[in-house]
1. Over the chain, with the other protein chains present, what is the accessible area per residue in square angstrom, probe 1.4 angstrom?
2. Just to check I understand the Karplus step: with θ = phi - 60° and J = 6.51 cos²θ - 1.76 cosθ + 1.60, what whole-Hz values come out for region 77-83, glycine and proline as x?
3. Net charge near GLU451: determine it from the other residues with C-beta under 15 Å of the C-beta of GLU451, scoring Lys and Arg +1 and Asp and Glu -1.
4. Between region 490-569 and region 61-85, what is the C-alpha centre distance in whole Å?
5. Compute the length gained on full extension between ARG176 and ALA13: take 0.36 nm times their separation in residues and subtract their Cα-Cα distance, giving the result in nm to one decimal.
6. Check which residues have an amide H placed less than 5 Å from ILE554's amide H, if you skip close sequence neighbours.
7. Quick check on packing: order 524-532, 249-257, 150-158 by the mean number of other C-beta atoms within 10 Å, highest mean leading.
8. Among bridges DSSP assigns within region 55-459, what percent are antiparallel (round to 5)?
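The values are calculated or read from the model by the stated rules, or taken from the named source; none is laboratory data. Source: prediction; values computed, not measured. Please note: Cβ atoms are built from the backbone with ideal geometry, for glycine as well, and neighbour counts cover all protein chains shown. Remember, those area values only see protein heavy atoms, side chains included, never the ligands or the DNA or RNA. Shrake-Rupley method; radii C 1.70, N 1.55, O 1.52, S 1.80 Å.
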Amino acid sequence: MDTQTITDTRIPARIVKPEPRVPPNMPDHAAACAGFRWEQALDQMARLPGGGLNIVHEAVDRHVLAGLGTRDAIRWIGRNGTRRTFRYADLAAETNRFASALRQLGVAPGEGVFVLLGRLPELYVAVLGSLKAGCVVTPLFSAFGPEPIATRCEMGDARLLVTTPELYQRKIAGLRERLPGLKHVLLVGDGPAEGPGLLRWNECVERASPDFTTVATDEDSPSLLHFTSGTTGRPKGAMHVHGAVLAHWATGRFALDLHDEDIFWCTADPGWVTGTSYGIIAPLVCGVTNVVVEAEFDAATWYEVLERERVSVWYTAPTAIRMMMRLGTGPLQGRDLSALRFMASVGEPLNPEAVVWGLEAFGLPFHDNWWQTETGGIMVSNFAAMDIRPGSMGKPLPGITAAIVLRDTEGRVAVVDAPDTQGELALRAPWPSMMRGYLHEEERYRRCFAEGWYLTGDLARRDADGYYWFVGRADDVIKSSGHLIGPFEVESVLIEHPAVAEAGVIGIPDPTAGEVVKAFVALKPGFEPGEALGRELLGHARKRLGAAVAPKSIEFRSNLPKTRSGKIMRRLLKARELGLPEGDLSTLESDGR
Ligand code: AMP
C-alpha cells in the first residue's frame, strides 16, 4: 500500500519538552505497559460497602469517606460571572438528593434519564445522581433541535428528562405524544411551561433527602448511553457500564497525568462523550478539582479562566486550538498562566502546527490523544513522559492492545506487523470502558468485532517506534491514481498557509484517477478569496505534497460544516458537492454553507 508522508522542515520530528514541573505519574510507558493489569486499577477503587462497583461512589463518596470532603470538586463558572463551588461533601449530598428524588418518583434502576441542559450545575448533579440511583443516563447537547432530541429519547426510552422551562417549551412540548414512556420532566429554573408530568427542580430535588444508599451496581451494570452519528441511518446509541470507571481512573492518571492537587479543565460539553468521561467522571475519580465553564468558546474568556482558576491541566480540542492560533499570541500577553503544566487535545486530528504553536504560546506542547464514543475513554495518547511526534496520536494506554489490521472481503482480519503500513486501527477486546452494545442494534454492534478485535473504523499507521498516526475515517480516505491520500495530511498542509483558518478535503470522482482531491478552505480575517489566492494555495500544496496528493481544485467558504464536537464534516462537504443525500445531520453545529 502506498502512503504519503509529509516532511516539513519547520516542524520538528520530535518535540523537546520542557522539564515536567511535577514527576509524571507514568515515568516509563514501556515499563508501565509491561507491568499493567486492569486488576491494579480495580485495587485503586473503594468499591461499595456491599462489594459492588458504582462510578459515583468512586468519583465522589469515597473521597468524602477518606476525609477529603472539604476539597473543591466542581468549580462552576456561569456566563454572567456567577460562580458556584461544590466541595466533594456538597456533591455527595446533592447527588444523593437527586437520587432520592428519582426514587420518590418511581424511576427504577436501569431506566433512562435524559438531561438536556447547558453546562449548568444541575446537569452535573443530575448525571451523577442518576448513576447513583442505578439509572442509565444520557446527556444531550442543549443545542439539539427537536428532531434529534425526540429520536434519542425514543430510542433510549427516556423515563425522566431534566431540562429548563425554555428548552421544554421550545423543543419538547410539541413532541410529547411521540414519547409516551416519558413520565416526568424536571424543570431547572423559573419560567412558564405546560405539559404532562412537569415538575420543578426546587420543589422536587432541593427538598429530597440528602441521604441515599447508592444502588448496588456492578462492573457490568449499564451506566451511560451516548449517541454517536454513523455515516448512514439513525444515530448509534453506545451503551456503557459502571466498570468503565477503571479506565476513567487509569486515563486520568496516565494520559492526563492528574495529580491530587491539580485544577483540571476539560472544555468539552457533556453532550459529547469527552465532556462526560473527562468533563465529569475522570477528574472526580482522581479526586482533583474540576472547572466547569458554562460559556462557549471565546479566547479572552478562556484565557481568563486559565489564569484566574490557576488551571494546571487543560484538555481541549483542535478546533478551539485552531481558533486560538488564528488570533495569535497577542491575547495571551500579560496573562499569568504559570499554573498550567499539561495540555491535551482530542476529538479530531491535531495538526502538527498546533502542537508547535502550543509551545510558542503557552511554553507547553499539546498532547494529542485518540478515542471514540465506543471506547469510553482515551485509548492512544501522547503521555507526559514521552517525546511528542507532532501529528501522531501517541501510543496505547497501559492495558490496551492496539494494532493495525487489514480486513479481507470475508471480514477476516490480518494484523499488520510491518511499520508504516496503513490499515484499520483495532483494539483487543474487551477493556473496562468498551461499549457493551449499540442500543437495539445487535447486528451493527457485532459487525464492529472480528476475531477478538474491536474495529474502530479509523485508518491509521504505526511507525517503527510504536507511535500511531491517524489517517482518516475509513470512509474518508481518498484514492487517487493508486495513491491512498489521508485528508488530514492535505488539510494540515493547507492550514500551514498563513491565509488558511480551516480546511476540509474530500475525494471527488474522476474518470481517470478514480478520485481527485478537492479542498474547501475558510480564510483567516484579513484575507479575501480570489483566483490568485486559490492558485497560491494549490501551488503551496503541490509543493509540499507532490502533484499526486495535492488538491486539484479549491473552493472558499466562510466556514466549514462542523459537528458539535468540532469535527469538520467531510461527508457533508462531499454529499453537497456530489448532490447526494446529506444523511444524519443531528450533530451538525455550523452549517458551513
Ligand atoms: P467521537 O466518537 O465523536 O468522539 O468521534 C471519534 C472519532 O473522532 C474517532 O473515531 C476519530 O475518527 C476521531 N478522533 C478522535 N480523536 C482523534 C485524534 N486525536 N486524532 C484524529 N482523529 C480523532
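1. 38 Å²
2. 10, x, 4, 9, x, 5, 10
3. Within the 15 Å Cβ shell, the charges total +2.
4. Cα centroid of region 490-569 versus Cα centroid of region 61-85: 45 Å apart.
5. Result: 53.1 nm gained on full extension.
6. Here the answer is ALA519, since their amide H atoms fall under 5 Å of that of ILE554.
7. 249-257, 150-158, 524-532
8. 45 percent
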